[in-house]
Amino acid sequence: MDFQRAQEIVASPLEYEVSYNGVSIWIDQLHDDEKTATVHLRRSLEERSEVDISELKEEYLVH
């Protein structure tokens, strides 16, 4: 994922499925370096990690 798409997802009122290393995550904050973000697992609000935005993947669900 690139920084611009991450910004769009964070700013959107819609919910997007985003994963990091195959695990569903929520983007908490984008950092000023435009390369990293703070994320947490969707099922665990306590544990947050700083990750490279380039390693985030937007998952497209087929209905």
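Look at ARG43 and say whether it is surrounded by 11 or more Cβ atoms within 10 Å (Cβ to Cβ) and either of a type in the set (Val, Ile, Thr) or more than 16 Å from ASP2 (Cβ to Cβ) (or both).
Judged against the criteria, ARG43 is not a match.
Considering only residues that are of a type in the set (Gly, Ala, Ser) and open to solvent by less than 70 Å² (accessible area, probe 1.4 Å), which ones fall in the stretch 18-40?
Residues satisfying the conditions are SER19, SER24, ALA37.
Between residues in the stretch 9-28 that are farther than 10 Å from LEU56 by Cα and residues that are of a type in the set (Phe, Trp, Tyr) and loosely packed, with under 15 Cβ neighbours inside 10 Å, which pairs lie under 8 Å by C-beta distance while being six or more apart or on different chains?
Matching pairs, first to second residue: GLU17/TYR60.
Go through the stretch 46-63 and report how many residues are open to solvent by 70 Å² or more (accessible area, probe 1.4 Å), closer than 13 Å to SER24 by Cα and modelled with pLDDT of 95 or more.
Number satisfying all stated conditions: 2.
The values are calculated or read from the model by the stated rules, or taken from the named source; none is laboratory data. It should be emphasised that the depicted structure is a prediction, and the values quoted were computed from it without experimental measurement. Quick reminder, even Gly has a Cβ in these numbers, built from the backbone with ideal geometry, and neighbours come from all protein chains shown. Accessible surface is based on the protein model in full, side chains and every heavy atom, while ligands, DNA and RNA are left aside. Shrake-Rupley method; radii C 1.70, N 1.55, O 1.52, S 1.80 Å.
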